[in-house]
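The values are calculated or read from the model by the stated rules, or taken from the named source; none is laboratory data. What you are looking at is a predicted structure, and each value in this text was computed from that prediction instead of being measured. Don't worry about glycine lacking a Cβ; one is built from the backbone with ideal geometry, like all the others, and counts go over all protein chains shown. With ligands, DNA and RNA removed, areas are computed over all heavy atoms of the protein, side chains included. Shrake-Rupley method; radii C 1.70, N 1.55, O 1.52, S 1.80 Å.
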Amino acid sequence: MLAPRRTQGGYRLFNEEDVERLETILRLQRDEFLPLRVIRQELASPAAAKARRRRRPSGLSGDEDELSLSALCERAGITPELARELEDFGLLEARGDGQHKRFAASDADVAATCAKLSRYGVDPRHLRTFRHGADREAGLLQQLVAPALRSRNPERRQAGLEELQALAELAQELSQLLFWRDLRAVAGR
């Protein structure tokens, strides 16, 4: 999947594009659990170049860009009908209504992942489970840091945001470990 230049001594020389491609491969394998065969296909498709340019979730830092329905559909590679269905089941959250609907840029990543799952026959109504699980996890973390986030002291509020980010990363790691443990049991390993 990579063909870096080599020195006379056999060392690999990676340029910026190689490093970006390697980061994409590792991210797809680690975060999206895709096998190398599927990653190879993803990287070879023309739409993959556009997908690779998508930003990673920024966590809690900064404001997110907003997208119209058509921009969301184009970026995620989905139809407006699927976007509406994902919105109906709580997987996409629109701000505003009618022609003025706006979606967070991260919703394009959510929609693209839902579209990939739909190729395996997983309908949006079945994906509500993920929405409910995320809501429960976020609710627990909210309870832990709510006092700091409501503080009028800017330093205390910033510390609360940093604590929330750290807790979110740990919760995500735990959730992923438990998920894979359960799947190993399903596979009989």
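Data for the structure
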read-out: Under Karplus coefficients 6.51, -1.76 and 1.60, residue-wise ³J(HN,Hα) of region 4-14 in Hz, glycine/proline x; value: x, 5, 10, 7, 4, x, x, 6, 7, 10, 9
read-out: Shape metrics for the chain, restricted to C-alpha atoms - Rg then Dmax, Å; value: 19.6, 62
read-out: For peptides 64-73, 117-126, 21-30, sequence by mean Cβ density within 10 Å, most packed first; value: 64-73, 21-30, 117-126
read-out: Rough spin-label spacing in nm, given labels placed 7 Å along Cα→Cβ, for residue 79 and residue 162; value: 4.9
read-out: Nearest-10 value in Å² for the accessible area of residue 63, using the 1.4 Å probe; value: 150
read-out: Mean separation of Cα contacts under 8 Å (6+ apart) over length of the chain, as relative contact order %; value: 12
read-out: Probe 1.4 Å - accessible area at residue 129, Å² to nearest ten; value: 100
read-out: Dipole-positive endmost among 153, 134, 186 within the chain (Cβ charges, Cα centre); value: 186
read-out: Under 12 Å, Cβ to Cβ, from residue 88 - net charge with Lys/Arg +1 and Asp/Glu -1; value: -1
read-out: Rounded percent of accessible protein surface that carbon and sulfur make up, the chain, 1.4 Å probe; value: 52
read-out: Solvent exposure ordering (accessible area, 1.4 Å, most first) of 33, 103, 89; value: 33, 89, 103
read-out: Solvent-accessible area of residue 182 with every protein chain in place, 1.4 Å probe, in Å² to the nearest 10; value: 90
